[in-house]
Amino acid sequence: MQGDSSIPNLSHAGAGGAGQLAPGRENSAEAKPIMRSPISWWRIADFGVLGLWMAIVIFTIQYHEKWADEAQAWLIARDLGLRTIWFHELRYEGSPGLWHTMLWIAQHVFHAPYSSISIIGAVCATAGVALMLFKAPFPRPLRWMLAFTYFMVYQYAVIARPYTLLPLLAFAAAYFFRDLQHPARMTAVLILLANLSVHGALLAACLGLGYFTETVKSWPTLAHRVRKLFACCVVAMLGAFFLLFLVLKPTADVEEFAPKKIETQLAESEKIVQPSIETKLRAVISGAFFDEPITSCLFLLLAGAWCYSRKKLITFALPVAMMLVLYAAIHGYSHHHGTVFIAAITGLWIAWPTTQEEQAFTKEQRWALQGIIGLLVCLFALNIWDAAVAIRHEYLYPYSGAEDAARYLKSVGAEEKGVFGYLYGMVGVEAYFDHNIEKNRPTAYFHHGMPLIGTMLDVDAVQSVAPEYVVFFTEQPQLMIDRISQPMDNLGYQLVHFSDGYLLYKRGVYVRQSYFIFRRSAH
């Protein structure tokens, strides 16, 4: 391997770094063919890596059973108008509406079926990976490894949620960060990022603050036209965040904030003890990086120190810190670990030296850069292993039981005979039908507003309506069946089908995604 001259040097193979000529030879006629050949070969290699990445994602999508969070956004976009989505339902979702709007257009303009949501997510993810492969300043081997890390090739590519757009928009912000002459480009990206998710809004605010700081430092050197444009961009950003505040401002009946007390056997079976803030912090720091807290903290400290030496600490530490705070305070779910990972990569992208800067490095600075490269190689290698195991498990096991449950209900004509469904996961089943099949809920999507409908076993309603089928979703199958089997037997229902699922996360399973289907006994 050491004798293979085609292997790029890790510290010089960044964007445009391979095959560069010595200064002063750019206009030499005999130099032109020498310059074109290596660049074109490396470009072909980049396309080859992108093609391999796409093949892996498409292969995995074929075996991925979509879960409730994917279905919820699809159903909201299917059943509601854009105005209602933005100015009514989003506050119950606690999320901006860029993803919902994209799904609405896909369905109402192009009449896309539910299966297309995975393709939409994959296209968004492909754009982010392509931007990274062709424009990131990292050495080529790092870029190639990064493409196949867990969040890039699986969690934020195969799972069709708003986060498939997170790498694209965060990396685009990093790409435009140093361009102070065209603030409108950065502003457009940040507004889109802010409308992606709560995580995206925080990232946009942090990166916008960093960009604002850099612009203020360079204010005397900017042309009058650029200053005016920058002022307009600041107003646009403030307006975008004010609109988000109006859209997402919770009302008194929003589930997350409304006082509520649900005491039924069904609700008790789904109770999960919430971990402490300290436990959640350890989990997110580990999950985002080295799958282990001490090594991951050490990585953050060393990466932060290097960004500080590059005078770019704020654009690394602030976004990462905000993602950690958001996770520990509100969104403590494993699939959000990737927001910290993306924030860190974005910060390192912004801090990465240009070829000219690197040429002026001292010996100590070169060693520091090589150290960061080594850390990233280790981080990416571990995450590639995580991705490989997750994809293998996706192939072997069902991610969610929703598809199997829907297939069974269709096979027995349950939608015509009557169905009652309970708990949020029912939206995963609903998405496989073109209308609401549940007789106990007014909407196919789950409305996170009080009073919560479809979360309590209503014995009187079951007795009076006598639906042919009753479906229960659970993340704790054994506890659910222990608590619900006797009441259902008393109502005259027998278990006829069980659809299992495993919410995969790296080399393990986060929670189960299971469905119990009961049928009314014939008398």
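The values are calculated or read from the model by the stated rules, or taken from the named source; none is laboratory data. Since we're looking at a predicted model, the values are computed, not measured. Counting neighbours? That spans all protein chains shown, and the Cβs are built from the backbone with ideal geometry, glycine included. When the accessible area is computed, the model is the full protein with side chains, heavy atoms only, and any ligands, DNA or RNA have been set aside. Shrake-Rupley method; radii C 1.70, N 1.55, O 1.52, S 1.80 Å.
Computed over the Cα atoms of the range 383-523, what is the convex hull's projected area averaged over all directions, in nm²?
Numbers: hull surface 38.1 nm².
Average of the hull's projected areas for the range 383-523 equals 9.5 nm².
Starting from the Kirkwood radius over alpha-carbon pairs of the chain, derive D by Stokes-Einstein at 4 °C in a medium of 1.567 mPa s and give it in µm² s⁻¹.
The calculation lands on 52 µm²/s.
Counting alpha carbon pairs within less than 8 Å and at least 6 residues apart, what relative contact order, in whole percent, applies to the chain?
Details: 751 pairs, mean separation 97.5, N = 523.
With pairs under 8 Å counted, the relative contact order is 19 percent.
Could you state the per residue volume, in Å³, of the convex hull enclosing the Cα atoms of the range 103-198? Write down the numbers at each step before the final one.
Working: hull volume 10.3 nm³, N = 96.
Dividing the Cα hull volume of the range 103-198 by its residue count gives 107 Å³.
Around Cys233, with a cut-off of 13 angstrom between Cβ atoms, what is the net charge of the other residues, counting Lys and Arg +1 and Asp and Glu -1? Before the final figure, lay out the partial values.
Numbers: positive: Arg185, Arg225, Arg227, Lys228; negative: Asp179.
Residues close to Cys233 contribute a combined charge of +3.
With a Förster radius of 22 Å, plug the Cβ-Cβ distance of Val496 and Val459 into 1/(1 + (r/R0)^6) and report the FRET value to the nearest 0.05. Show your work: numbers first, answer last.
Numbers: r = 20 Å, r/R0 = 0.90.
Calculated transfer efficiency: 0.65.
How much FRET efficiency would the formula 1/(1 + (r/R0)^6) give for Lys228 and Tyr333, where r is the Cβ-Cβ distance and R0 is 30 Å, rounded to 0.05? Show your work: numbers first, answer last.
On the way: r = 43 Å, r/R0 = 1.44.
For Lys228 and Tyr333, the calculated efficiency is 0.10.
Could you order the peptides 420-432, 169-181 from most to least packed, using the average number of other C-beta atoms within 10 Å per residue? Each step should come with its number before you reach the end.
Details: 420-432: 25.8, 169-181: 20.8.
Result, highest mean Cβ count within 10 Å first: 420-432, 169-181.
In deg cm²/dmol and to the nearest 500, what is the mean residue ellipticity at 222 nm of the chain if only DSSP H runs of at least 4 residues count, each as -39500 (n - 2.57), divided by the residue total? Please report the intermediate quantities before stating the final value.
Numbers: 22 runs with 298 residues, N = 523.
Taken over the chain, the calculation gives -18000 deg cm²/dmol.
Using only the alpha carbon atoms of the range 360-416, find the Kirkwood hydrodynamic radius as the inverse mean reciprocal pair distance, in angstroms to one decimal.
So the Kirkwood estimate lands at 15.6 Å.
Averaged per residue, what accessible area in Å² does the chain show with a 1.4 Å probe, protein chains only? Display every interim value, and only then the final one.
Values: 23490 Å² over 523 residues.
With the other protein chains kept in place, the chain gives 45 Å² per residue.
Please state, rounded to one decimal and in Å, the Kirkwood hydrodynamic radius that the range 54-141 gives when every pair of distinct Cα atoms enters the mean of 1/r.
Working: mean 1/r = 0.0682 Å⁻¹.
One over the average 1/r among Cα pairs gives 14.7 Å for the range 54-141.
Please sort 107-116, 503-512 by packing, taking for each peptide the average over its residues of neighbouring beta carbons within 10 angstrom, highest first. List each step's numbers first, then the result.
Values: 107-116: 12.7, 503-512: 18.0.
Top to bottom by mean Cβ count within 10 Å: 503-512, 107-116.
Please report the spacing between the Cα centers of the range 195-230 and the range 107-170 in Å, no decimals.
Cα centroid of the range 195-230 versus Cα centroid of the range 107-170: 25 Å apart.
Around Gln513, which amide H atoms from residues at least 5 apart in sequence, or from another chain, sit under 5 Å from its own amide H, with H modelled in the peptide plane?
Gly401, Gly501, Tyr502, Leu503
On a C-alpha basis, how far is the centre of the range 348-420 from the centre of the range 441-457 in Å? Whole number, if you could?
Taking the Cα centre of each part, the range 348-420 and the range 441-457 sit 33 Å apart.
Just name one of Tyr445, Gln476, Val216: the one whose Cα is farthest towards the positive end of the charge dipole of the chain (beta-carbon charges, Lys/Arg +1, Asp/Glu -1).
Going by the charge dipole, the pick is Val216.
How do the peptides 239-249, 94-104, 77-87 rank, highest first, by the average count of neighbouring beta carbon atoms within 10 Å per residue? Don't jump to the answer; show the numbers that get you there.
Working: 239-249: 14.4, 94-104: 21.5, 77-87: 16.1.
Result, highest mean Cβ count within 10 Å first: 94-104, 77-87, 239-249.
Evaluate the Kirkwood expression for the hydrodynamic radius of the range 444-523, namely the inverse of the mean inverse distance over all pairs of different C-alpha atoms, and round to one decimal in Å. Provide the component values of the computation, followed by the final result.
Working: mean 1/r = 0.0706 Å⁻¹.
Mean inverse Cα-Cα distance, inverted, gives 14.2 Å.
Taking the Cβ of Gly347 as the center, what net charge do the other residues with Cβ under 15 Å away carry, scoring Lys and Arg +1 and Asp and Glu -1? Don't jump to the answer; show the numbers that get you there.
On the way: positive: Arg178, Arg310, Lys311, Lys312; negative: Glu214.
Charge balance in the 15 Å sphere: +3.
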